[in-house]
């Protein structure tokens, strides 16, 4: 793996370790982050580590039209009164995603990461999708939109199906805008159940190259929709 200089150049993706670790160091400057994502690279590290940059192989990708709405999720969308919005509460969403999943565990969404992605949100690149129930924020996700690619970072849920509902809302929104894929980064059983697939890194790099050739549309998203309208 390479130690990063202050420039925004990264090693080629094939230089990554078998686990996907590509480089160490650098900073979370918005320009570096945008450059990394355009190359298929993302930061993932803990407070007690230097900044670690990853490009796993295989890569988890969700094509918006392939989102899997299970029978139980369909019932939740239809009957539970969820409302889904975008960019209404970015700071609250990323803070909720940063909360430790279990007592005593840390989080990779460090305070520095939160500051960096909030800066990207103010620039119009980072977005949140929120799920509301009776006026309360109960789930959501956040990530980056570059060209026609959305790079998912994290999600949270305080009641059943809330984060899944946010994902369905995101998929519907980016599909309508012609986005090519939602990058889910690392393959997991949970993501696969939602319709994500594992693809080789070289195929991901090829799809990514085409997606980021589109102009960036850096602006705040502002839509709100009742969940039942996502069906």
Among the residues of the range 95-102, are any more than 30 Å from residue 203 (Cβ to Cβ), buried (at least 20 other Cβ atoms within 10 Å of the Cβ), in the same structural domain as residue 147 (by TED's automatic domain parsing) and under 20 Å from the mean Cα position of the chain (by Cα)?
yes
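Considering each residue of the range 49-71, count those that are part of a helix (DSSP H, G or I) and over 22 Å from residue 146 (Cα atoms), and give that number.
Residues of the range 49-71 that are part of a helix (DSSP H, G or I), as a first pass: 64-66, 71.
Checking which are over 22 Å from residue 146 (Cα atoms) leaves us with 71.
Residues in the range 49-71 being part of a helix (DSSP H, G or I) and over 22 Å from residue 146 (Cα atoms): 1 in total.
Does residue 46 fit the bill of being without any contact (Cβ under 8 Å) to a residue 24 or more places away in the chain and part of a loop (DSSP other than H, G, I, E, B)? Outline the logic, then answer.
Numbers: without any contact (Cβ under 8 Å) to a residue 24 or more places away in the chain: no; part of a loop (DSSP other than H, G, I, E, B): yes.
Answer is no for this residue.
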Filter result (in a strand (DSSP E or B), surrounded by fewer than 17 Cβ atoms within 10 Å (Cβ to Cβ) and out of contact with any helix residue (DSSP H, G or I) (no Cβ under 7 Å at 6 or more places or on another chain)) within the range 181-231
197, 224, 226
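Going by what's in this entry, would residue 169 be described as in contact with a helix residue (DSSP H, G or I) (Cβ under 8 Å, 6 or more places away or on another chain), part of a strand (DSSP E or B), in the same structural domain as residue 207 (by TED's automatic domain parsing) and under 26 Å from residue 72 (Cα atoms)? I'd like the intermediate steps shown before the answer.
Working: in contact with a helix residue (DSSP H, G or I) (Cβ under 8 Å, 6 or more places away or on another chain): yes; part of a strand (DSSP E or B): no; in the same structural domain as residue 207 (by TED's automatic domain parsing): yes; under 26 Å from residue 72 (Cα atoms): yes.
It is false that residue 169 is in contact with a helix residue (DSSP H, G or I) (Cβ under 8 Å, 6 or more places away or on another chain), part of a strand (DSSP E or B), in the same structural domain as residue 207 (by TED's automatic domain parsing) and under 26 Å from residue 72 (Cα atoms).
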Neighbours by Cβ (under 7 Å, 6+ apart or cross-chain): first from the range 72-97, in a helix (DSSP H, G or I); second modelled with pLDDT under 95 and surrounded by 14 or more Cβ atoms within 10 Å (Cβ to Cβ)
94/109; 97/109
Quick one: would you say residue 126 is crowded, with 20+ Cβ neighbours inside 10 Å, in contact with a strand residue (DSSP E or B) (Cβ under 7 Å, 6 or more places away or on another chain), modelled with pLDDT of 95 or more and under 25 Å from residue 160 (Cβ atoms)?
no
Counting only residues that are closer than 21 Å to residue 228 by Cα and either assigned to a helix (DSSP H, G or I) or out of contact with any helix residue (DSSP H, G or I) (no Cβ under 6 Å at 6 or more places or on another chain) (or both), how many does the range 142-166 have?
8
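From the list 22, 33, 28, which one is at pLDDT 95 or above, assigned to a helix (DSSP H, G or I) and within 25 Å of residue 107 (Cβ to Cβ)? Spell out how you get there, then give the answer.
Details: 22 fails: assigned to a helix (DSSP H, G or I); 28 fails: assigned to a helix (DSSP H, G or I).
Sole residue among the options that is at pLDDT 95 or above, assigned to a helix (DSSP H, G or I) and within 25 Å of residue 107 (Cβ to Cβ): 33.
The values are calculated or read from the model by the stated rules, or taken from the named source; none is laboratory data. As the structure is a computational prediction, the values presented were derived from the model and not from experiment. Quick reminder, even Gly has a Cβ in these numbers, built from the backbone with ideal geometry, and neighbours come from all protein chains shown.
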